[in-house]
Every structure is written in C-alpha cells, then in structure tokens.
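Read-outs: derived from the displayed coordinates by stated rules, not from any lab. This is a predicted model, so every value here is computed, not measured.
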Amino acid sequence: MLYINDDIAIQDWELTESFMRASGPGGQNVNKVSSAVELRFEAATSPSLPQPVKNRLRRLAGRRWTTEGALVLQCDETRSQARNREIVRERLAELIRQALTPPKRRIATRPTLGSKKRRLKAKKVRGEVKAMRGKVDPDT
C-alpha cells in the first residue's frame, strides 16, 4: 500500500511494476540485471482518487498519461532495483500530492495608468523609428 496523505492511500492491486534492463553505464552488471523499474498506476479507474484530483493529475502527468488512463513512471537511476522501486513510488506519491492541491484562482487586475502611458510612449517611439525608414529623396 502506498500512502499519499492521511486520507488517501493507493492499494497494491492498482499498481503494476515491471522490471527491465537499464541503459547507461554499469559494466558487465548492466547486461544481466533488470534493475530499471516501470510503474503503471491505473489512475482513471482508481477508486482511491476523487475525479477533480484525477483531472489535475492527468494535466500534470503530460506524456506519462496513456490513452487508457494509466500513469506510467520509469526509473533507472541507480543500480539497485529496490532503490529504483522506492524512487518511482515516491515520484508517484509526489505527483499525486501536487494534484491534491487545487490551483489558486487568478484575480483579474487592471494595468496601471503608468504602465499604459509607458506602453503607448514605446509604441510612438517605435513608430517614429519605422517612419524614418524608407527611400531617401536625393533632391532634398
């Protein structure tokens, strides 16, 4: 069981772990030990998470969210399979914790008078610079 906070815990049957050989350095060990971990969490069908959290989690996950509604995380940072499992589970927990906090509502503000004047002055200066461009009349 993966505990997220006091209210939410992910059951083990919702998580699927698969192991594969890691890429990168590791000498002879890298060719025979499956230390990389791929964690698959069926988030869309999970009874542990409320729907708004699932929606925010989907947005946070990005490319790691599959079309079937699963969240797939990978880790091959260390040579230890057990350590990689801990890292990927902690990443999942952290991602869900981020999804638990609703985003702050943006308060609409108006531009200040000074910023409006500065913008218009900059536009006027830029327009004058552009107006000076063009063909030069040789008669004048």
Of all lysine pairs in the chain that are eight or more residues apart or on different chains, those with Cα atoms under 30 Å apart total 9
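What translational diffusion coefficient, to the nearest whole µm²/s, does the chain have by Stokes-Einstein, given a Kirkwood radius computed over alpha-carbon pairs, a temperature of 10 °C and 1.306 mPa s viscosity? Don't skip to the end; give the middle numbers.
On the way: Rh = 19.6 Å.
Value of D from the Cα-based Kirkwood radius: 81 µm²/s.
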